[in-house]
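Here is the structure we will look at.
The values are calculated or read from the model by the stated rules, or taken from the named source; none is laboratory data. Please read all numbers here as calculations on a predicted model, not as lab measurements. Using ideal geometry, Cβ is built from the backbone for each residue, glycine included, and neighbour counts are taken over all protein chains shown. For accessibility, only protein heavy atoms count, side chains too; no ligands or nucleic acids. Shrake-Rupley method; radii C 1.70, N 1.55, O 1.52, S 1.80 Å.
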Amino acid sequence: MKQDFFKYQAQTTPHPLAIEVSHAIGSYIYDTNNKKYLDFVAGVSACSLGHKHPRIIRAVKDQLDKYLHVMVYGEYIQQPAVELTKLLASHLPHPLEKTYLTNSGTEAIEGSLKLARRVTGRSQIIAAKLAYHGNTMGSMSVMGYEERKQAFRPLIPDTAFITFNDEKDIKQITRKTGAVILETIQGGAGFIEPKYEYLKKVKKQCEEVGALLILDEIQPGFGRTGKLFGFQNYDIIPDIVVMGKGMGGGLPVGAFTASTTMMDQLQDNPKLGHITTFGGNPVIAAAALATLQEITESDVMAATLEKEKLFRSLLIHPLIKEVRGLGLMLAFITPSAEITNQVILKCQDHGLILFWLLFEPLAIRITPPLTISESEIREGCQIILTVLDQIQDIKI
Ligand SMILES: Cc1ncc(COP(=O)(O)O)c(C=O)c1O
């Protein structure tokens with residue numbers, strides 16, 4: 001299998017982690033040698049309720065028995081998609097009411113950028129340096145990391161970049177600006193939280209000049225920061241909210257939500273303003289609905305903040321310079337990229353899954369399932385500390 005993996009399946013790096021997966025349940029992934037890995041990454045924030053959550057599996061199986069794909073997005077009335085969008089509206093503040101369901105996060109970002117252009121009639125999009133919003137041409141155009149996009153230029157024109165949390169830069173948002181797109185908490189940059197008033201100030205400037213604020217909730221979304229959406233921690237309401245990853249409970253999904261007045265503009269002049277074959281797919285929507293129901297009806301969301309405290313109390317070591325983030329969207333910072341690499345690889349040997357962040361070589365991602373237990377947190381942190389001790393001994 002390993003040989004075929006390298007021979008036939010296109011790779012994104014020359015050195016993938018290459019665990020050969022047999023099955024996964026709860027907070028653990030098992031390889032084909034039956035080695036057990038505690039999962040502190042959750043498919044990069046995608047498996048919010050852990051692996052094979054019974055409520056999600058049941059919802060998917062029930063839907064499989066009824067029908068799979070029947071029609072392109074939006075033409076037929078399909079219960080899972082309708083219930084999902086209705087429930088989302090009930091959990092979002094006014095006027096965020098109408099949701100377009102997509103196949104992935106990046107497609108939802110594309111849709112949100114198109115919607116912003118359509119609504120404002122302006123082309124300029126302002127994004128943040130070190131931002132990541134996806135990897136298709138439009139979302140890559142608003143990625144704030146030149147090194148990774150240079151080879152793919154020309155991208156969409158009329159983009160500009162401001163420094164996240166820098167209030168002086170806010171003045172660059174002008175009457176030419178159609179939209180400002182920001183991650184509520186910057187992920188790839190190293191889990192950088194907005195300073196409390198920053199997002200409010202950006203929103204105020206957007207209102208003054210008639211630009212829209214798009215918040216990318218693809219990582220914090222669905223409960224990871226103690227609230228359903230990260231922006232609910234910062235007392236603001238964006239014009240468009242984009243979600244994905246953890247929304248699907250392990251199946252591929254994305255969505256963007258705006259006011260009805262805005263969203264209805266995608267239907268007209270030109271009609272078919274954003275179309276997709278599989279967006280709103282009934283099996284995926286059933287999984288996302290079950291995920292949303294479980295997260296909002298159980299205590300997992302509230303418990304994330306207690307779990308964050310536990311992580312912070314355990315992750316104390318001379319080689320841990322800082323623990324960043326909010327809730328179960330955490331990263332710890334090591335003194336060097338080399339140590340980061342060693343920690344991730346050695347922890348994997350010891351049966352703990354960790355991962356890198358895109359643009360911060362010193363950071364190590366901790367985004368476990370929200371369902372992770374206290375004893376599993378202790379078990380994983382003990383592995384991290386043991387590995388850090390070993391690395392420290394080698395260094396000395
Ligand atoms: C903040 C953010 N936005 C957008 C995306 C793109 O989502 P997808 O990989 O589902 O296209 C990601 C994925 O990592 C992300 O972290």
- Message: Cβ-Cβ distance below 7 Å, separation of 6 or more or different chains: which pairs start in the range 345-360 with a residue that is in a loop (DSSP other than H, G, I, E, B) and end on one that is open to solvent by 60 Å² or more (accessible area, probe 1.4 Å)?
- Response: Gly351/Lys35; Gly351/Lys36; Leu358/Tyr132; Phe359/Leu130
- Restricting attention to the range 222-262, which residues are out of contact with any Leu (no Cβ under 7 Å at 6 or more places or on another chain), closer than 15 Å to Ala108 by Cβ and assigned to a helix (DSSP H, G or I)? Lys245, Gly246, Met247, Gly248
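Would you pick out the residues in the range 23-44 that are assigned to a strand (DSSP E or B) and out of contact with any Lys or Arg (no Cβ under 9 Å at 6 or more places or on another chain)?
First, the residues of the range 23-44 that are assigned to a strand (DSSP E or B): 23-26, 28-31, 36-39.
Asp31, Lys36, Tyr37, Leu38, Asp39 - these are the residues of the range 23-44 that are assigned to a strand (DSSP E or B) and out of contact with any Lys or Arg (no Cβ under 9 Å at 6 or more places or on another chain).
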- Residue ranges of helices (runs of 4 or more DSSP H) in the range 45-154 with at least 3 members away from the ligand (no atom under 16 Å from the Cβ), assigned by TED's automatic domain parsing to the domain that holds Val209 and more than 27 Å from Met329 (Cα to Cα): 54-66, 79-91, 105-120
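Within the bounds of the range 311-326, is there any residue that is acidic (Asp, Glu), assigned to a helix (DSSP H, G or I) and assigned by TED's automatic domain parsing to the domain that holds Phe40? Full working, then the answer.
So in the range 311-326, the residues acidic (Asp, Glu) come out as 322.
Remaining after also requiring assigned to a helix (DSSP H, G or I): none.
No, because not a single residue in the range 311-326 is acidic (Asp, Glu), assigned to a helix (DSSP H, G or I) and assigned by TED's automatic domain parsing to the domain that holds Phe40.
Kindly check whether there is at least one residue in the range 254-272 that is in contact with a Lys or Arg (Cβ under 6 Å, 6 or more places away or on another chain) and open to solvent by less than 10 Å² (accessible area, probe 1.4 Å). Full working, then the answer.
So the first thing to find is which residues in the range 254-272 are in contact with a Lys or Arg (Cβ under 6 Å, 6 or more places away or on another chain), and the list is 260, 263, 265.
Filter once more, keeping what is open to solvent by less than 10 Å² (accessible area, probe 1.4 Å): none.
No, the range 254-272 contains no residue that is in contact with a Lys or Arg (Cβ under 6 Å, 6 or more places away or on another chain) and open to solvent by less than 10 Å² (accessible area, probe 1.4 Å).
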- Item | Of residues in the range 63-107 being touching a helix residue (DSSP H, G or I) at 6+ places or on another chain (Cβ under 7 Å) and open to solvent by 80 Å² or more (accessible area, probe 1.4 Å), the one farthest from Thr296 (Cα to Cα) | Leu68
- Query: For Lys227, are the conditions met, namely being within 16 Å of the ligand (Cβ to nearest atom) and in contact with a helix residue (DSSP H, G or I) (Cβ under 6 Å, 6 or more places away or on another chain)?
  - Reply: no
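Evaluate the range 186-195: report whether one residue or more is more than 15 Å from the ligand (Cβ to nearest atom), of a type outside the set (Phe, Trp, Tyr) and closer than 20 Å to Arg324 by Cα. Spell out how you get there, then give the answer.
Within the range 186-195, the first condition is being more than 15 Å from the ligand (Cβ to nearest atom), and the residues that meet it are 195.
Now restrict to residues that are of a type outside the set (Phe, Trp, Tyr): 195.
Next, only the ones that are closer than 20 Å to Arg324 by Cα stay: 195.
Yes, the conditions are met somewhere in the range 186-195.
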- Message: Suppose we filter Lys176, Lys203, Lys168 for residues that are more than 16 Å from the ligand (Cβ to nearest atom), farther than 15 Å from Gln124 by Cβ, surrounded by 14 or more Cβ atoms within 10 Å (Cβ to Cβ) and modelled with pLDDT of 95 or more; which single one remains?
- Response: Lys203
- Would you please list the contacts, defined by Cβ atoms under 8 Å and residues six or more apart or on different chains, that run from a residue in the range 232-247 that is farther than 14 Å from Met262 by Cα and assigned by TED's automatic domain parsing to the domain that holds Ala211 to a residue that is modelled with pLDDT under 95 and near the ligand (Cβ under 10 Å from one of its atoms)? Met243/Gly221; Gly244/Gly221; Lys245/Gly221; Gly246/Gly221; Met247/Gly221
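Count, please, the residues in the range 114-139 that happen to be open to solvent by less than 10 Å² (accessible area, probe 1.4 Å), closer than 20 Å to Gln186 by Cα and either touching a helix residue (DSSP H, G or I) at 6+ places or on another chain (Cβ under 7 Å) or aromatic (Phe, Trp, Tyr) (or both).
We begin by selecting, within the range 114-139, every residue open to solvent by less than 10 Å² (accessible area, probe 1.4 Å); these are 115-116, 125-128, 131, 133-134, 138-139.
In the following step, the residues that additionally are closer than 20 Å to Gln186 by Cα were identified as 125-128, 131, 133-134, 138-139.
Retained after the next criterion (residues that are either touching a helix residue (DSSP H, G or I) at 6+ places or on another chain (Cβ under 7 Å) or aromatic (Phe, Trp, Tyr) (or both)): 125-126, 133-134, 138-139.
Number of matching residues: 6.
Only residues that are assigned to a helix (DSSP H, G or I), touching a Lys or Arg at 6+ places or on another chain (Cβ under 8 Å) and not acidic (Asp, Glu): list them for the range 155-189, please.
If the condition is that a residue be assigned to a helix (DSSP H, G or I), touching a Lys or Arg at 6+ places or on another chain (Cβ under 8 Å) and not acidic (Asp, Glu), then Ile170 is the only one that fits.
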- Only residues in the range 178-201 that are on the phi > 0 side of the Ramachandran plot count as the first member; pair them with residues that are within 14 Å of the ligand (Cβ to nearest atom) and part of a loop (DSSP other than H, G, I, E, B), Cβ under 6 angstrom, at least 6 apart or cross-chain, and list the lot. Gly190/Leu357; Gly190/Glu360
